[in-house]
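The values are calculated or read from the model by the stated rules, or taken from the named source; none is laboratory data. As the structure is a prediction and not an experimental result, all values here were calculated from the model. Quick reminder, even Gly has a Cβ in these numbers, built from the backbone with ideal geometry, and neighbours come from all protein chains shown.
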Amino acid sequence: MGIRQAFDEIMGQAGSTIPRSELAALGTWIAGTPPEDLRRRQQSAEATFRQLGITFAVYGDSDASERIIPFDIVPRIFLASEWARLSEGLVQRVEAINAFLDDIYGPQRILKDGVLPADLILGNPQFRPEIAGIRPPHGIWAHICGIDLVRTGPDDFFVLEDNARTPSGVSYMLENREAMLRLCPELFHHFRVAAVDSYPDRLLETMRSVAPEGVAAPVCVVLTPGHYNSAFYEHSFLADSMGIELVEAADLVVEDDVVWMRMIGGLVKVDVIYRRIDDDFLDPRVFRPDSMLGVPGLIGAYAAGNVALINAPGNGIADDKAIYSYMPEIVKYYSGSAAKLPNVETWRCREPQALRYVLDNLDDLVVKLVDGSGGYGMLVGPTATRAEIEAFRAALIAEPHRYIAQPTLALSTVPTLGDAGLAPRHVDFRPFVLTGSCGVQVVPGGLTRVALKEGSLVVNSSQGGGTKDSFVLMDDGAMLQAQGPGGMTQSIGGMTQRMGGN
Amino acid sequence: MLARTASSLYWLGRYVERADFIARLVEATIRLDALSPRPAGRVAWESALAVTDTVAAFAKTGEEVGQDAVARFLTLDATHSGSLVRSLDMARNNARAVRTALTREAWTGINQAWLLFQNRAMPGGAAATLALTEAVKTATRGFEGAIHRMLRNQTTWFIRLGQAVERADNTARLLDVKYHILLPAGEPVGGVVDRDQWTTILQTVSAVTAYRWLYSEGLQPANVIDLLIARAELPRSLAASAEETVEILDLLAKRTGLHGEADQMARDRHARMVKTHSKAVIAGGLHQYLERFLAENDELHFAIAGQFRFG
């Protein structure tokens, strides 16, 4: 069972025993570094993560309320040429997502032109009529997008999922790189790797660029549900590296459509909020009256144009799994050309013909709940038991509109350190795309998630997945020349302490 | 600074200080127990419970007062607020809530101390308990060092303010319990048990060597009281804590422009402490003096919370 003939990011075609020519230096590095040494470095990285408290919580798992995500020492590497192509596709897709949101909560041209069935949008719980008609400052909705990609061959990248609400994982991109720089500095002599550490600066710049008109020095904050949230480390890490306040809902108060935060000296006006709270819990006056969380009046302030919310409320309609299958049409409609990054082929079980095909081929397909996440509510046909398949068959027949199905892709692999040394493990990839009032930018890196179990395709951290650093090469000229001593000398400032003597 | 952040920083300071104090207290009590002729050991552990205000909580466990039970209770029992593990839990929760305000080093200090207690059910014997308290002290020292290398701003000052207020409270309780409640009836003042008790006090506040430097006439209860109350040179003395509280509130006032009732109270207290002579305190009743001090320290705590809108 399992997946046959997967492309390997490092070795190339399945079964190859030598790395792709551009990555020969990584092969040399792996061959020259004993597995025990790799393991020691990996353990050191994980010990650091634990000490720093880079943890996530697994819901419903009371024994291990805080865990670290396993880290793998072998990086995945993108060639500069691969990255350039990917970036173009990502920019196109994110521009389309923003245009789509602006349209759906505005004139709804795409529905009037019959490109999407209206009930798919208007009957979707992710569509928020409460905010229709509100224009976010500068007309930007999805400031931070995480686009999940998979790869099946040298030139075959597919979008698996769009995340336009509050995508997480960027702290792993940054911390994994820090760990690699510390533990494997020699790799950065072999490869010129694009830096990711400017991400917090770029994010802050993006936030400031979308502040309401007329605010000279915008006050920006990160809004977190609090330190019991599974992604709290990331919230605090981002606020910290941007040098802005990390607030909880109780720290904010709205008066006359203006948002204030409670400081030791009194109230201070807030202009831009990077919120890591779901729409439902943002403002009890608008979304969930039963919610004790949230900031009463926040949406009113947003509607009045007095505060920017990042990402905008209502974005769920753009990354909903039911909408996903229409993304190629959506991209084409707004950009005027075919999507540069294709979708994974998807059967919408709401359509009778598709449902029939899916029911006939459950053994080969991946079936997903439209409103599920985190790898829950998912059937992987080729590795599922008979009972699991029959349970899904019944569920599909009962509520077909809740499901989509996709072929089981031979996801690419990367050599990964396991108990028996290095072995290929399947990976996916989440790059981060920022959109401010000055345009769209793709951060040269991202989060590579790896399924640590042999043959497994489920990379979610809640289901035993791990992470890897993701190198983006700045040029494909293979290995750099060995660095000579150059102009740098060992003594800095020439000051030394004299020991002993008189 | 967010009012909630200020509150968390202040409480972080208090709980770290409390953890450090409990570690020292357990350590010194083990020593006292080991040195004392039986059955003074039991008295030593009773006094440790009294200092941490956990006599009633311990009684509920139904266990016999003795080294194993009380050492476990004061280090690993998370069901009451006087234990090391609870103090570190609370310290870490506050630190987590203000993770952005701390440097990595400061956070790591707290987190390391907290990690020592995860999945630990029994302290083991005296040697293992001492290893544990030593590790806690190392971690809190690391935190202390990191605090002093952080930006000299409100973040550091709120932590140190919490530490200063907690330290005053801890020292006052220690002195009160040891002096008045637990000098066993019938023991001659200046006898063996008495002497060990006084040494324990000095150990708990890390002042054994300081005492030798400052007083030449050997171990005298009056001198120990003088040292712990009136000598500002000793960081854990009431005088030093009162002085530090004033200094930190001054720094906060200068940087934030915020001052009020807490400053006034702290300054009044400090002015009185400067004129305090330990002989007069003893003559007037040490217990009464310390009770008043503890009540005033609590009032100061509430004044600080009000002044900075802890909410």
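Looking only at segment A:206-224, which residues are away from chain B (no Cβ under 11 Å) and assigned to a loop (DSSP other than H, G, I, E, B)?
Hits for segment A:206-224 are A:VAL210, A:ALA211, A:PRO212, A:GLU213, A:GLY214, A:VAL215, A:ALA216, A:ALA217, A:PRO218, A:VAL219.
For A:LEU203, all conditions in the list (1) surrounded by fewer than 21 Cβ atoms within 10 Å (Cβ to Cβ); (2) of a type outside the set (Lys, Arg); (3) outside any loop (DSSP other than H, G, I, E, B); (4) at pLDDT 95 or above hold save one; what is the number of the exception?
Status for A:LEU203: all satisfied but (1).
Against the definition (touching a residue at least 60 places away in the same chain (Cβ under 8 Å), surrounded by fewer than 21 Cβ atoms within 10 Å (Cβ to Cβ) and not β-branched (Val, Ile, Thr)), how does A:ARG135 come out, yes or no?
yes
Kindly state which strands (runs of 3 or more DSSP E) lie completely within segment A:225-294 and contain at least 2 residues that are more than 9 Å from every other protein chain (Cβ to nearest Cβ).
Of the strands (runs of 3 or more DSSP E) lying wholly inside segment A:225-294, those with at least 2 residues that are more than 9 Å from every other protein chain (Cβ to nearest Cβ) span A:252-255, A:258-263, A:266-269, A:272-275.
Here are some conditions: (1) without any contact (Cβ under 8 Å) to a residue 24 or more places away in the chain; (2) not in a helix (DSSP H, G or I). B:LYS60 meets all but one. Which one does it not meet?
Status for B:LYS60: all satisfied but (2).
Residues being exposed (fewer than 15 other Cβ atoms within 10 Å of the Cβ) and either within 14 Å of chain A (Cβ to nearest Cβ) or basic (Lys, Arg) (or both): count how many of those fall in segment B:288-311.
Going through segment B:288-311 one residue at a time, the tally reaches 3.
Across segment B:143-176, what is the number of residues that are part of a helix (DSSP H, G or I) and more than 11 Å from B:TYR10 (Cβ to Cβ)?
17
Counting just the residues of segment A:412-441 that are within 30 Å of A:PRO136 (Cα to Cα) and of a type in the set (A, V, I, L, M, F, W, C), which one comes out surrounded by the fewest Cβ atoms within 10 Å (Cβ to Cβ)?
Once the filter is applied, the top-ranked residue is A:CYS438.
Are there any pairs, at least 6 apart or on different chains, whose C-beta atoms fall under 8 Å, with the first in segment B:193-214 and surrounded by 15 or more Cβ atoms within 10 Å (Cβ to Cβ) and the second modelled with pLDDT under 90 and of a type in the set (Lys, Arg), and if so, which?
B:GLN197/B:LYS178; B:TRP198/B:LYS178; B:THR200/B:ARG31; B:THR200/B:LYS178; B:ILE201/B:LYS178; B:GLN203/B:ARG31
Do the conditions hold for A:ASP148, that is, is it without any contact (Cβ under 8 Å) to a residue 24 or more places away in the chain, under 24 Å from A:GLN406 (Cα atoms) and acidic (Asp, Glu)?
Taking the combined requirement at face value, the residue does not satisfy it.
Among the residues in segment A:76-93, are any hydroxyl-bearing (Ser, Thr, Tyr), part of a helix (DSSP H, G or I), closer than 30 Å to A:SER412 by Cβ and in contact with a strand residue (DSSP E or B) (Cβ under 7 Å, 6 or more places away or on another chain)?
The answer is yes; a qualifying residue exists.
For B:GLY41, state whether it is at positive phi and away from chain A (no Cβ under 14 Å).
No; evaluated as a whole, the condition is false for this residue.
How many residues are out of contact with any Phe, Trp or Tyr (no Cβ under 8 Å at 6 or more places or on another chain), farther than 19 Å from B:SER87 by Cα and in a helix (DSSP H, G or I) when one looks only at segment B:5-55?
13
Going through segment B:63-95 one residue at a time, which ones are in contact (Cβ under 8 Å) with a residue 12 or more places away in the chain, outside any loop (DSSP other than H, G, I, E, B) and within 30 Å of A:PHE232 (Cα to Cα)?
Those that are in contact (Cβ under 8 Å) with a residue 12 or more places away in the chain, outside any loop (DSSP other than H, G, I, E, B) and within 30 Å of A:PHE232 (Cα to Cα): B:THR75, B:LEU76, B:LEU84, B:VAL85, B:SER87, B:LEU88, B:ASP89, B:MET90, B:ALA91, B:ARG92, B:ASN94, B:ALA95.
Read through the list (1) at pLDDT below 90; (2) away from chain A (no Cβ under 14 Å); (3) in contact with a Lys or Arg (Cβ under 8 Å, 6 or more places away or on another chain), then give the number of the only condition that B:GLU105 fails.
Unmet for B:GLU105, out of (1) at pLDDT below 90; (2) away from chain A (no Cβ under 14 Å); (3) in contact with a Lys or Arg (Cβ under 8 Å, 6 or more places away or on another chain): (2).
Among the numbered criteria (1) more than 14 Å from chain A (Cβ to nearest Cβ); (2) within 25 Å of B:GLY142 (Cβ to Cβ); (3) within 15 Å of the chain's Cα centre (by Cα), which single criterion is violated by B:LEU88?
(1) is the only condition that B:LEU88 fails.
Read through the list (1) in contact with an Asp or Glu (Cβ under 7 Å, 6 or more places away or on another chain); (2) among the β-branched types (Val, Ile, Thr); (3) over 25 Å from A:LEU203 (Cβ atoms), then give the number of the only condition that A:VAL458 fails.
Unmet condition: (1).
From B:ALA128, B:ALA135, B:ALA121, which residue is surrounded by fewer than 17 Cβ atoms within 10 Å (Cβ to Cβ), free of Cβ contacts under 8 Å to residues at least 24 places away in the same chain and over 18 Å from B:VAL16 (Cα atoms)?
Testing whether each residue is surrounded by fewer than 17 Cβ atoms within 10 Å (Cβ to Cβ), free of Cβ contacts under 8 Å to residues at least 24 places away in the same chain and over 18 Å from B:VAL16 (Cα atoms) leaves just B:ALA128.
If you take the residues in segment B:1-38 that are of a type in the set (Ser, Thr, Tyr) and within 14 Å of chain A (Cβ to nearest Cβ), which one is farthest from the chain's Cα centre (by Cα)?
That would be B:THR5.
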